[in-house]
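To start, the structure under review is shown below, and the notes come after it.
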There are 2 protein chains.
Amino acid sequence: MLLDAAREAAAEAVGCRADELVFTSSGTKAVHSGVAGVLAGRRRVGRHLMVSAVEHSSVLHAADVHEAGGGAVTQVPVDRAGAVSVQGFADALRADTALACLQSANHEVGTEQPVAEVAGVCREAGVPLLVDAAQSLGWGPVEGDWSVLTGSAHKWGGPSGVGLLVVRKGVRFAAQGPADERESGRAAGFENIPAIVAAAASLRAVRAEAAQEAVRLRELTERIRAQVPGLVPDVEVVGDPVRRLPGIVTFSCLYVDGETLLHELDRAGFSVSSGSSCTSSTLTPSHVLRAMGVLSEGNVRVSLPFGTAAEDVERFLEVLPGAVAGVREKLGAPTTETVVRDDVLVVDSLGKLCPIPVIELAKVIGDVPVGGLVRVIADDEAARLDIPAWCEMRGQEYVGEEPATEGTAYLVRRVS
Amino acid sequence: MLLDAAREAAAEAVGCRADELVFTSSGTKAVHSGVAGVLAGRRRVGRHLMVSAVEHSSVLHAADVHEAGGGAVTQVPVDRAGAVSVQGFADALRADTALACLQSANHEVGTEQPVAEVAGVCREAGVPLLVDAAQSLGWGPVEGDWSVLTGSAHKWGGPSGVGLLVVRKGVRFAAQGPADERESGRAAGFENIPAIVAAAASLRAVRAEAAQEAVRLRELTERIRAQVPGLVPDVEVVGDPVRRLPGIVTFSCLYVDGETLLHELDRAGFSVSSGSSCTSSTLTPSHVLRAMGVLSEGNVRVSLPFGTAAEDVERFLEVLPGAVAGVREKLGAPTTETVVRDDVLVVDSLGKLCPIPVIELAKVIGDVPVGGLVRVIADDEAARLDIPAWCEMRGQEYVGEEPATEGTAYLVRRVS
């Protein structure tokens, strides 16, 4: 009875029928089961899977498995704000598209996707749309005529260990892997009743205050967005300024190592994230920032949970400039060996990690005449993203890259 | 750090290295991932999977998936006490056996399996043995040279939503499905840290008292085993009388419907299980009791949790005879149409569910002379198990079954 009541409550919050919703052991599991189930159910249609380039890693990992098994995957690109275009999404639909996936909002930069419109073009094409609604479900139901939806209780302040998988009636779905009679055969194993009940209750509780709290948090994140560029030099605030989640704000600081800045802020009492928080143990730059084409170095994601005090935001804004300056000072003056060869100034940054190659580039750009070239040799992957981003921020011309004897050479022309 | 500490504590309790143990979202998930991972890792060796006939449904469901995908599965039979024989297990090993699975103890009847000996013959044959230790891990580590082990926290009194998967170093293992960098790539999704910490702490706590509590509970279950046959007529106590879990005792009552008896006992304040508790929503007879060849009707499993008071056991023994008698009275005197034809007394039990066919058989056996036959026509699956079991309990001869125009005819010869 508790399970039934929790299902009713969650379905009401999602805007679906109770028999369309099952509880899984996590949001990740909901995504994996949802993607695999639709792909198997629609195998006759084809094996083409579409995902946006900025989906959560759980969606991308499911896509990797599909590709490894011989399926085709298209990543739909996003604009500089992190959103797909409806037309771009529509253009990528194919006759053999079995499933399309689009998050309701991005987990790193907070940008909301045009889900309702994309659901419309997918419906027209007869392709089911799976919406990873992990980021937004606490704020409200997902609009539009989607087919499959996933969520994660700990994202709305509920307990860990509970995900939601909603499959609309009429969607062809063939659950994969061993099944039992629980949760319509879509989530095997004994249900975690206490956590499920808490998940449903907490969703109902946050929803009751969501509209009011969204306004308040939006003011606070807007304050951070507006203030940070003035308080900290060489900062890029990323993500859509309007179509965004209320409680997330993200910016990148030039010449800063994100992990070090995180530790500085942690010492000041602020727990923030950098890059892709969900895979922060890996050192590759965030796939989201890369897809957006924005600066990834010194990236900071500030998430304001329900009830965050305005004073805490003020104190964060007080602490941030010093923390960034401190990190920049530490990284400040690396020995740079530069050689001018064939009118090109060569910076050897081999073996140096982000943000050092960009710092070295910035230090020598004044040494070449306007029109002159700087050639940065680097083997850190982040340079591929951050050198063009630096050029855009500084109004210099990014000429391109070419293979070097070791690493890659990035060519920059001094414009001003 | 909490996760690391929990892993260390759990590994110590299991008797493995911390880096061999990952936390999953349930015991079921641990089994599914463990079976799939070894089968994939050893695919070159072959696609033969061995399981005992009395494994938990999670193991059998994993075997079903393997079989559906073209793999071969052998179910190793058990004796009347529910245990596999070491020789029987050894004989089923093949050159193409990729994996063998054997529970540490049975979840329905409490019988302990000869895991250490079976692990020995598997090791000799170079076949990894996966031990589903869900039932026994609270009582102590699994002895013997096993390769893979699974467990479930809520079984030892810990929280729901936490399983253990241990894969010994050197076992070929290829995790299946989408993975991320968590839990060695063997359990994707954000770790449920609070539940994992509670799981490890509770395992340590129950282990500290396990030896003492095992002795106490064993006395209580022994009391039930000894008393029930005297208090209730026509009862079969099932499972090994000696090699068994301390806290589980199971018996079957002739002429009783298990679900009705459960409700009677529930009204008296006792929550017991019937048949396979994990799939009690399905109406097929327990696969465990079927594999053991014992009576399945009126099946009751009594689980005594840690700390069960002796007085509660006494009160259960007071209540049980009346509850069974009440159910028998309710089912008591169904109208039986019997026809003697060709010296055979025919009982038409078509459309009647367990335990009615056996009740009808019992009522007419006295009507035929010694040496005469009773032919019971039934279409309830449980009859196939329960009519032979009744014959064994009553010392009558079970002749065999044959297809009837409708349903199946079961032939019984009156011996005494």
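Things worth noting here:
- Candidates B:369, B:241, B:114: whichever shows maximal mean-square fluctuation once chain B is modelled as a Gaussian network with Cα springs under 10 Å: B:369
- Stokes-Einstein translational diffusion, chain A - Kirkwood Rh over all Cα pairs, 1.002 mPa s, 20 °C, in µm²/s: 94
- Taken over the protein assembly as shown, lysine pairs spaced eight or more positions apart, or on distinct chains, with alpha carbons under 20 Å apart number 9.
- Reported to the nearest whole Å, the Cα centre-to-centre distance from region B:163-205 to region A:340-416 is 43.
- Considering only B:133, B:199, B:214, the Gaussian network model of chain B with Cα springs below 10 Å gives its largest mean-square fluctuation to B:214.
- Counting Cβ atoms of other protein chains within 10 Å of each Cβ in A:177-189 and taking the mean gives 6.
- Once the Cα gyration tensor of region B:338-413 is diagonalised, semi-axes √(5λ) in Å: 17, 14, 11
- Long hydrophobic helices in chain B: the complete DSSP H runs spanning 24 Å or more by Cα along their own axis with mean Kyte-Doolittle hydropathy of at least 0.0 are B:193-231, B:310-331.
- Restricting region A:76-155 to GluC sites (Glu not before Pro) that sit in a DSSP loop and have at most 14 other Cβ atoms within 10 Å of their own Cβ leaves A:143.
- For the protein assembly as shown, the share of DSSP beta bridges that are antiparallel, to the nearest 5, is 65%.
- Qualifying GluC sites (Glu not before Pro) in region A:381-416, DSSP loop, other Cβ atoms within 10 Å at most 14: A:406
- Shielding by partners - mean other protein chain Cβ count within 10 Å, residues of A:191-200: 3
- On the basis of the beta-carbon distance and an R0 of 60 Å, residue A:145 and residue A:317 show a calculated FRET efficiency of 0.90.
- Remark: B:49, A:289 ranked as B:49, A:289, counting other beta-carbon atoms within 10 Å and listing the fewest first.
- Radius 15 Å from Cβ of residue A:212, net charge of other residues (Lys, Arg +1; Asp, Glu -1): 0
- Ordered by the count of other Cβ atoms within 10 Å of each Cβ, fewest first, B:129, B:93 give B:93, B:129.
- Pairs of C-alpha atoms in the protein assembly as shown farther apart than 40 Å represent 48 percent of all such pairs.
- Database remark: amide H of residue A:372 closer than 5 angstrom to the amide H of A:414 (H placed geometrically; neighbours at sequence offset of 5 or more, or on other chains; Pro and chain starts carry no H).
- The ranking of B:56, B:263 from fewest to most other beta carbons within 10 Å of each one's beta carbon is B:263, B:56.
- Neighbours of residue A:320, meaning other residues whose beta-carbon lies under 14 angstrom from its beta-carbon, give a summed charge of 0 when Lys and Arg score +1 and Asp and Glu score -1.
- Counting Cβ atoms of other protein chains within 10 Å of each Cβ in B:61-67 and taking the mean gives 2.
- Of all DSSP beta bridges confined to chain A, the antiparallel ones make up roughly 65%.
- Between residue B:123 and residue A:353, the simple spin-label model (points 7 angstrom out along Cα→Cβ) gives 4.2 nm.
No value in this document is a laboratory result; all are computed from the given coordinates. On a predicted model such as this, the values are computed, not experimentally measured, just so you know. FYI the Cβ positions are ideal-geometry reconstructions off the backbone, even for glycines, and counts take in every protein chain you see.
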